[in-house]
Structure formats: structure tokens, C-alpha cells
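No value in this document is a laboratory result; all are computed from the given coordinates. This structure is a prediction, so every number in the text was calculated from the model and none was measured. FYI the Cβ positions are ideal-geometry reconstructions off the backbone, even for glycines, and counts take in every protein chain you see.
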Amino acid sequence: MTRVLGIETSCDETGIAIVAEDNGALRIVDSEVASQAPVHAVYGGVVPEIASRQHTKCISQLTERVLEKAGPARQIDAVAATIGPGLMGSLMVGVGFAKALAYTWRVPFIPVHHLEGHIFSVFLNDPPEFPFLALVVSGGHTCIISCDEPHKYAILGTTRDDAVGECFDKVARLLKLPYPGGPSIQKAAERGDPSAVRFPRGLAGSAELGFSYSGLKTAVFYEIRRRPEILGDEKAVADIAASFQHAAVDALISKTKLALEKTGAARLVLAGGVAANRPLRERLNTELNVKVHMPPMSLCIDNGAMIAAAGISRLKHGLTGNLRATPNPNLPLFTSPPNHGGGFLPSSRRPAVR
Ligand code: KG4
Ligand code: ZN
């Protein structure tokens, strides 16, 4: 059995988990997520300095709790942490903490790219075979990624401007709905008519495998400016929310279909915070004729279990990092970890530290 501790602190969730692998099957031993959403909600979005402070406040306690659940024989074979992309201060909290634990326990430190973590969330409940396409949709990313073999990625399409989750958050703010915007828009949209307003679908009709969400956001802005009175009308807000959500999801579906056609891929992985969106999940299941692998709702939003799952796979493939790895807020999706040094030095070869 292999057990990896996973640490996620790239944005506004502190996620700590232990994932075990037994004969190829992954199991979450324990996973704790401390969401900072209520703290940032008063500002209408994430405040980076406050995020770092919140991670610092709760990371030790959450880790202790997870280790306690692991029982007396709490052997950990490696510590994995998100090394980027994300907020620099927040990443530094998780990476510094992970490296200290790895050093103390004499085990490898495994840097994990945040998007790779999201992709690996599906391996915890519905593992896909390779190759597959991944649609990764979050507050910071909107990408279609081709995954031909473990830890080999090619980005086929990405957003030119806003990420889809960012667009949900900004539109929610325009509609005076609470942060985070995704869940609030989805809830408001349940009572609305998705055909009430025809909003633009970014890059619709183009053969490009990309996304654009700033036009959709601006269209909602102008609709509200044209009819400001709707903000006091619950039904009108619900109609805008439903129409916006329909347009946002339409763009994801049509570009995913195009990518599947272009590549002939037989499997799709949906991951990232926006993967929690119910209409998106339902439509991908009914409108595509490929098998769609999705994480359960609890693993869509940032969490430590997805980082531990990616860490286990990297450990198995000999792709660990070393203690010189440093966070990178703009890290591109990597195939080998940055500063790849073949893992932590065995204790006999380790230099004395003074
Ligand atoms: O992956 P994640 O937790 O953090 C990033 O890596 O960015 O994703 C957070 C994003 C936020 O923009 C949030 O509004 C969005 O995911 N989100 C949703 C839903 N739940 C969360 N968007 C649409 N529908 C949802 N149900
Ligand atoms: Zn994320």
C-alpha cells in the first residue's frame, strides 16, 4: 500500500488529504477542506493577502486532524503539494509546509500542477483509461487538454480572456448575487427561463478550439445597464442568470464536441470547480456520444485529495521533485516537475544541514 499526503493552497481553499493506493485502486483515507469563501464574500472576490493568512492559520490543525484519522500506523510515503499556478502567497504557505514535512519524514516531495490535480480528481471515483480529453473548467482556467499517457499533456484549446468560472463570478457580482458566483447563478437560474435573453456564445461558429468569455460578461453588463430596474425583480434576475448560464455552457459543449470530432477521442474527463455545475454535467452526459468521467461534487472544488491522487501517480512513475522546487504563480502545465531531481536524496547521501 502507498499513502500520499496532498496539500492544496493555490487559492481560497485549504485542502489536506491522505490518499492510499492498494493494487491500483485509490481510496481517500481522509480529506479536509477549509473554505475561505465567507471571508472573501464581503469583498466580492478573493483578496490574496487575506487568503495567505487564512491558509497559515488553519494548515497545521487540518493536517493534524487528517493524520489522526490515518490511525496509529500513519506511514506516509510522499508529500505532494500544488506548486502552481495560483496566488503566490497562498502557494508559498502550502509548498513550504509540504517541504518541511517531507524533509522531517525523509520522504519525497512531489510538486503537482493545479490542473493536473483537477484531472486526477476523477481517478478517485471513476478512473478513465488513457488516452482521453479533459475539459478543465475553473475560476482560473478553461482548457481542453489531450492526455495521451500519464503525465503527458497537450493543451488543445484555452480561453483568450476570462475563465468560465471567473465569468460566473463577475456576472453574479453584476446581478448582486453572493460570491462565489457559480453556485449562486446556478441556484437563481433554476427559477429562470434560459431563452429569455439571447447572449453571445464566445467564438461560436469558428473552427478554433478556444474560448472567449469577456463578450458574454460585457453583454450581461449592457443588458443590466439597459434595464437597471431588473435588479429589484427576482424573476428578471433569474431569467438573466438562466440565459447567461445557458450561453456559458453552450460554448463549453460546442467546443468540446469539436475537440472530440477533431481528435477522435473516445473518453472525456470533466474537472475543476465549474464541473460542479448541474446543467453542464447533465448536458455533457446526454449530448456527447463518448463516455464522460466526472468527479463527485465534493471533489470538483479545490481539495487535497486530487493533489494526493496526482502525487501517487507521479510517485509510481518516478516523477517526484526535490526540495529546491519553488512555487510559480504562472506555471505552465508540465510533464516533468520543475527542478526535477530524481526525488529526495536517500538518507545516507544527504548532506548534513546546520
Ligand atoms: O477549481 P476551483 O475551486 O478554483 C480554481 O481553481 O479556480 O473553481 C472555483 C470556480 C469559481 O469561479 C466558482 O464560481 C466556480 O468554480 N463554480 C461553479 C459552480 N461551483 C463552483 N461554476 C458554475 N456552477 C457551479 N455550480
Ligand atoms: Zn482549482
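Points to keep in mind about this one:
- Size descriptors for the range 1-120: radius of gyration and Dmax over Cα atoms are 14.2, 46 Å.
- Contour minus Cα-Cα distance for Tyr43 and Glu129 (0.36 nm per residue): 26.7 nm
- The trypsin sites (Lys or Arg not before Pro) of the range 263-335 meeting both criteria, a DSSP state outside H, G, I, E and B (loop) and at most 15 other C-beta atoms within 10 angstrom of the site's C-beta, are Arg324.
- The base-10 log of I(q)/I(0) for the range 129-281, evaluated at q = 0.14, 0.15 Å⁻¹, reads -0.64, -0.73 [Debye formula, identical scatterers on Cα atoms, solvent excluded].
- Full-stretch length increase - Ala70, Lys235 - with 0.36 nm per residue and alpha-carbon distance subtracted: 54.5 nm
- Under the convention that each Lys and Arg Cβ holds +1 and each Asp and Glu Cβ holds -1, the size of the dipole of the range 1-44 around its Cα centre is about 40 debye.
- Taking a Cβ cut-off of under 12 Å around Ile301, the surrounding Lys, Arg, Asp and Glu residues balance to a net charge of -4, with basic ones at +1 and acidic ones at -1.
- Calculated FRET efficiency, Glu190 to Glu261, Cβ-Cβ distance, R0 = 30 Å: about 0.40 to the nearest 0.05.
- Per-q log10 I(q)/I(0), the range 108-163, q = 0.13, 0.17 Å⁻¹ (Debye; single scatterer per alpha-carbon; no solvent): -0.34, -0.57
- Filter on Lys57/Lys170; Lys170/Lys217; Lys217/Lys262; Lys152/Lys255; Lys176/Lys235 - keep pairs with C-alpha separation over 18 Å: Lys57/Lys170; Lys217/Lys262; Lys152/Lys255
- Surface/4 estimate of mean projected area, convex hull on alpha-carbon atoms of the chain, nm²: 18.1 nm²
- Lys, Arg +1 and Asp, Glu -1 on Cβ, resulting dipole of the chain about Cα centre, debye, nearest 20: 620 debye
- The magnitude of the dipole of the range 257-308, with charges of +1 and -1 set on the Cβ of Lys/Arg and Asp/Glu and taken from the Cα centre, is near 140 debye.
- On Cα atoms only, tilt of 234-263 relative to the major axis of the chain in degrees: 60 degrees
- Stretched out straight at 0.36 nm per residue, the stretch from Arg173 to Lys291 would grow longer than its current Cα-Cα span by 39.0 nm.
- Between Arg225 and Met88, the simple label model (points 7 Å from Cα in the Cβ direction) yields a spacing of 3.4 nm.
- The ranking of Ser121, Ser254 from fewest to most other beta carbons within 10 Å of each one's beta carbon is Ser254, Ser121.
- Neighbour counting of Cβ atoms within 10 Å sorts the residues Leu115, Leu5, fewest neighbours leading, into Leu115, Leu5.
- Rg/Rh for the range 74-140 (Cα atoms only, Rh after Kirkwood) is 1.03.
- Against the chain, whose longest principal axis comes from its Cα atoms, helix 88-105 is set at around 30 degrees.
- Semi-axis lengths, largest first, of the ellipsoid equivalent to the range 231-338 are 33, 20, 13 Å, with √(5λ) applied to each eigenvalue of the Cα gyration tensor.
- In this calculation the C-beta distance from Ser60 to Thr326 is compared with R0 = 22 Å, giving a FRET efficiency of 0.55.
- Summarising the overall dimensions of the range 55-180 from its C-alpha atoms, the Rg and Dmax are 17.5, 51 angstrom.
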